[in-house]
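Written out below as structure tokens is the structure these notes cover.
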Amino acid sequence: TGTLFTVSAPSGAGKTSLLVASLQRLLPGTTVAVIEGDQETSADADRIRATGAPAIQVNTGRGCHLDAAMIDEAFHRLHVQDGILFIENVGNLVCPAGFDLGEAHKVVIASVTEGEDKPLKYPNMFAAASLMLVSKVDLLPHLDFDVDLLIANARRVNPAIAVIKVSATSGAGIDRWLQWLSAARDMALASA
């Protein structure tokens, strides 16, 4: 009876770092768990477990996304009855957009180290997402990146998408992200 959030982004956008920073602020007061999707290794699940949150690693081998059967099996291994379940999907913006995992919200991460055109090149993920987290904003002084153009492109694809600028390194925007998460969870529980 928890609330599920799927986090999707390309490899290197900061999904796991953002989850670690979030869990460090949520724990111990909130029941949270994470299902980690990667083609190989348990490195990300190990980083999540180091925060004290339970995590299950799902390796997809040659697969490019998690599917509902994988989530169902992992969820039952977690034994989480209430709280927040984060699903960190395999690192890409194509496959995860097309699969319903039973989540309340899809969250897409767009890093400032990537192009402002990502929403236009991979529109399905941005169209499916409730929220875009613009990550690594602490690097903006060192980059030639137009955040306003990224946001405008995301809203061309999905006019309703919410946007929060975050940095797992500096902590910028993390409180706002957690407030959004809490409000989204309350709405999901009220409509259940």
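The values are calculated or read from the model by the stated rules, or taken from the named source; none is laboratory data. Since we're looking at a predicted model, the values are computed, not measured. Neighbour counts are summed over all protein chains in view; Cβ atoms, including those assigned to glycine, are modelled from backbone coordinates with ideal geometry. Calculation scope for accessible area: heavy atoms of the full protein, side chains included, ligands and nucleic acids excluded. Shrake-Rupley method; radii C 1.70, N 1.55, O 1.52, S 1.80 Å.
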Flag for Gly102 being more than 17 Å from the chain's Cα centre (by Cα) and either open to solvent by less than 40 Å² (accessible area, probe 1.4 Å) or closer than 18 Å to Leu85 by Cα (or both) = no
request  = Could you tell me whether any residue of the stretch 51-59 is within 25 Å of Pro123 (Cα to Cα) and within 16 Å of the chain's Cα centre (by Cα)?
outcome  = no
task = Go through the stretch 1-15 and give me each residue that's under 16 Å from Arg47 (Cα atoms) and surrounded by fewer than 21 Cβ atoms within 10 Å (Cβ to Cβ).
result = Ser11, Gly12
key: Members of the stretch 153-167 that are surrounded by 14 or more Cβ atoms within 10 Å (Cβ to Cβ), assigned to a helix (DSSP H, G or I) and not polar (S, T, N, Q)   = Ala154, Arg155, Val157
inquiry  = Among the residues in the stretch 30-38, are any touching a strand residue (DSSP E or B) at 6+ places or on another chain (Cβ under 8 Å), among the acidic types (Asp, Glu) and either open to solvent by 40 Å² or more (accessible area, probe 1.4 Å) or modelled with pLDDT under 90 (or both)?
reply    = yes
query = Is it fair to say Leu150 is open to solvent by less than 30 Å² (accessible area, probe 1.4 Å) and within 14 Å of the chain's Cα centre (by Cα)?
reply = no
task = Tell me which residues, restricted to the stretch 72-84, are in contact (Cβ under 8 Å) with a residue 40 or more places away in the chain and surrounded by 12 or more Cβ atoms within 10 Å (Cβ to Cβ).
result = Phe75, Leu78, Val80, Gly83, Ile84
inquiry  = under 12 Å from the mean Cα position of the chain (by Cα), modelled with pLDDT under 95 and aliphatic (A, V, I, L, M): is that true of Leu93 in this structure?
reply    = yes
request  = Look at Gln57 and say whether it is open to solvent by 40 Å² or more (accessible area, probe 1.4 Å) and either under 29 Å from Leu150 (Cβ atoms) or not aliphatic (A, V, I, L, M) (or both).
outcome  = no
Candidate set: the stretch 134-147, residues that are under 24 Å from Val94 (Cβ atoms) and either of a type outside the set (A, V, I, L, M) or out of contact with any strand residue (DSSP E or B) (no Cβ under 8 Å at 6 or more places or on another chain) (or both); chosen: the one surrounded by the fewest Cβ atoms within 10 Å (Cβ to Cβ) = Asp146
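Filter the stretch 112-133 for residues that are open to solvent by 30 Å² or more (accessible area, probe 1.4 Å), in contact with a strand residue (DSSP E or B) (Cβ under 6 Å, 6 or more places away or on another chain) and in a loop (DSSP other than H, G, I, E, B) and give the result.
Our first condition is that a residue be open to solvent by 30 Å² or more (accessible area, probe 1.4 Å); within the stretch 112-133, this holds for 113-114, 116-118, 120-124, 127-128, 130.
Narrowing further to those that are in contact with a strand residue (DSSP E or B) (Cβ under 6 Å, 6 or more places away or on another chain): 118, 128, 130.
Within the stretch 112-133, just Ser130 meets the criteria.
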